[in-house]
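Heads up: the structure comes next, in structure tokens.
A short reminder: the numbers here are calculations on the coordinates, not readings from a lab. What you are looking at is a predicted structure, and each value in this text was computed from that prediction instead of being measured. We place every Cβ from the backbone using ideal geometry, glycine too, and count neighbours over all the protein chains shown.
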Amino acid sequence: MGDPVPEATDRDDDGFQDDLHAPPDVDTTRPSIARVYDFLLGGKENLDVDRRAAHRFLNVVPEAKQIALDNREFLRRALRFLVGEAGIRQVLDVGSGLPTAGNVHELAHEFAPDVRVVYVDNDPVVLAHGYALLNHDRITTIIQADLRRPETIFEHDEATALIDFSEPFAVLLGGILHHLHDKEDPYGATAHIAERLVPDSYLLVSNFLDDGEPRAKAAERAFMDSGCAAAASARGTSSAASSRGWSWWTRGSST
Ligand SMILES: C[S@@+](CC[C@H](N)C(=O)[O-])C[C@H]1O[C@@H](n2cnc3c(N)ncnc32)[C@H](O)[C@@H]1O
């Protein structure tokens with residue numbers, strides 16, 4: 001058995017300060033996946049409601065904090081490949097999340113300082129933090145757009161100002177596809193992005209996979225019950241991609 005899910009508290013008594021830097025119209029009574037993920041990564045931009053959602057998940061998957069850290073490490077290795085080896089100089093990070101240790105543009109710039117990065121997220125708290133972080137950055141920006149309407153990403157003025165979509169670019173879909181319900185068509189969104197890729201471009205995907213692991217359904221339910229996320233059963237994303245004739249390059253995940 002895992003730890004009990006903490007009760008909701010009126011005041012913060014768990015060592016965190018609930019002074020989230022959120023725009024006034026953000027509903028802080030509901031968890032957000034960006035803030036839950038921030039908690040799992042050891043960040044401070046999360047609320048009591050987010051931590052309770054995280055604990056529901058941790059009860060099913062006690063190693064969830066390590067999985068989150070491993071996912072960031074995977075991104076770092078992938079950027080080393082994309083920028084350091086494959087010569088990518090334009091990156092679209094969809095579902096970028098709250099700033100954390102080793103942000104994508106910082107990692108990319110370790111390998112090439114001229115890489116242009118556009119962060120995309122639909123969470124206004126992520127946007128607020130992104131604007132603050134990137135205030136004076138001329139080759140990195142953040143836009144508010146939704147993967148469920150992928151065309152809005154590619155048509156966004158700030159994205160097209162920074163990224164030339166007729167030149168090779170990389171799209172990162174890190175830890176996002178499983179937050180789209182099946183009825184929101186994660187495969188269609190992925191396919192839309194795939195169709196935008198020009199030769200020598202790359203698509204990175206990391207997501208939960210219901211491959212029959214006994215805890216997969218319980219983990220999915222924990223997310224659903226917390227009200228902040230959708231299915232953990234992104235099975236088929238890769239087969240949908242393969243059926244479109246993509247070739248998968250997997251070395252970045254193992255080096
Ligand atoms: C678990 S975090 C992943 C962060 C980062 N990509 C990583 O791999 O470490 C998922 C992010 O996707 C964002 N997100 C969820 N659904 C989205 C959507 N439909 N469109 C854009 N962003 C979305 C959330 O706000 C959150 O910041």
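Filtered by the rule that a residue be within 12 Å of the ligand (Cβ to nearest atom) and in a loop (DSSP other than H, G, I, E, B), region 27-41 gives Pro31, Ser32, Leu41. The single condition among (1) within 15 Å of Ala101 (Cα to Cα); (2) away from the ligand (no atom under 11 Å from the Cβ); (3) in contact with a helix residue (DSSP H, G or I) (Cβ under 7 Å, 6 or more places away or on another chain) that Lys44 does not satisfy is (3).
Right, Asp70: within 15 Å of the ligand (Cβ to nearest atom), part of a helix (DSSP H, G or I) and touching a residue at least 12 places away in the same chain (Cβ under 8 Å) or not?
Details: within 15 Å of the ligand (Cβ to nearest atom): yes; part of a helix (DSSP H, G or I): yes; touching a residue at least 12 places away in the same chain (Cβ under 8 Å): no.
Against the criterion (within 15 Å of the ligand (Cβ to nearest atom), part of a helix (DSSP H, G or I) and touching a residue at least 12 places away in the same chain (Cβ under 8 Å)), Asp70 does not qualify.
Based on this model, can you work out whether Leu69 counts as surrounded by fewer than 17 Cβ atoms within 10 Å (Cβ to Cβ) and in contact with a Gly (Cβ under 9 Å, 6 or more places away or on another chain)? Give the steps one after another, and end with the answer.
Values: surrounded by fewer than 17 Cβ atoms within 10 Å (Cβ to Cβ): yes; in contact with a Gly (Cβ under 9 Å, 6 or more places away or on another chain): yes.
So Leu69 fits the description; yes.
Note on region 79-179: no enclosed strands (runs of 3 or more DSSP E) hold 1 or more residues that are touching a Phe, Trp or Tyr at 6+ places or on another chain (Cβ under 9 Å), away from the ligand (no atom under 15 Å from the Cβ) and free of Cβ contacts under 8 Å to residues at least 12 places away in the same chain. Of all the residues that make up region 180-207, how many are over 13 Å from Gly95 (Cβ atoms) and in a loop (DSSP other than H, G, I, E, B)? Selection size over region 180-207: 7.
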